[in-house]
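The values are calculated or read from the model by the stated rules, or taken from the named source; none is laboratory data. This one's a predicted model, so the numbers in the text were calculated from it and none came from an experiment. Virtual Cβ from ideal backbone geometry, glycine too; neighbours counted across all protein chains shown.
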Amino acid sequence: MDLRTATPTEIDTELVRLYGEYGKVQARQQAVQKGLERHADDDPTGYWGETIGRLAEEAGRLEAQAVELREKIRPLTDEFQRRGGWTRAFLVTNANGHVHNTTACNTCFATTQFAWLPEFAGHDEAEIVEAAGETACTVCFPTAPVDVLRRKTTIELPERRAARLERERKAAEKAAKAAATGITNPDGTPLRGQWGVLKTERAAWIQIVDNLVMARHYGYFKNCMDEKLAENDRIVKALVFKTGQTEEEVLAQVEQKVTAKAKREGVYR
């Protein structure tokens, strides 16, 4: 990256990545240091010698990684200072966290955790407030318009955005599958069969074939004849609409399926 021509977002995005790695190294350093402290009084040549040696070796390796990361971070922060700084945005990571322009806002605490939003680096504060909406900190952004502060935020944490996109992807797949296999009446209302709503084209074919096999080879009860005829009519119309075939073509397929089912059940005549 050529720092003199890199955009604030490019620089801050890299800083977010490097600080993330640095934080992981620091967390591991603390764990290793605690391990070494637990064995501070143990003989390094005795029973715990191998453990002490491993921890000491890891401590050295981690310190080398930390030094390397600090060396990578320094020129990026130097460039920020050389340019006189630029606007930044930070989102507090609790459920209803506010968006701040600094992690040193006096409304926050030493324990407050932030997510750095590099996509807003160098942007006009009005743009940040517009996106933050109701989550914009009024201390960091005292001139934020009242009407903007009433709007829902469009800013999401990366992990929440990823989770939302995954939910939307699954919903789209489900909808596409339903569109491919589903069936309704031509007006879009649910297609109702004998035992409830027929949700798939396959279910519609099965229902009308079952109805006709029962009628021709086992016989309907007279008191449900009209109901069954009306049901068959609805299913045929739905299949015509779903498949794009003519009514004659659908009925021809129905006849083929009825004959095949009757043969399978041994009632063909």
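Quick look at the values:
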{"item": "Residues satisfying the stated conditions in segment 252-267, i.e. touching a helix residue (DSSP H, G or I) at 6+ places or on another chain (Cβ under 7 Å) and surrounded by 14 or more Cβ atoms within 10 Å (Cβ to Cβ)", "result": "V254, K257, V258, K261, A262"}
{"item": "Selected residue (only one of T45, T111, T87 is of a type in the set (S, T, N, Q) and surrounded by 11 or more Cβ atoms within 10 Å (Cβ to Cβ))", "result": "T87"}
{"item": "From T112, T102, T153, residue being outside any strand (DSSP E or B), within 22 Å of E10 (Cβ to Cβ) and either modelled with pLDDT of 90 or more or of a type in the set (A, V, I, L, M) (or both)", "result": "T102"}
{"item": "Whichever residue in segment 124-150 is touching a Ser or Thr at 6+ places or on another chain (Cβ under 8 Å) and part of a loop (DSSP other than H, G, I, E, B) and, among such residues, is surrounded by the fewest Cβ atoms within 10 Å (Cβ to Cβ)", "result": "D124"}
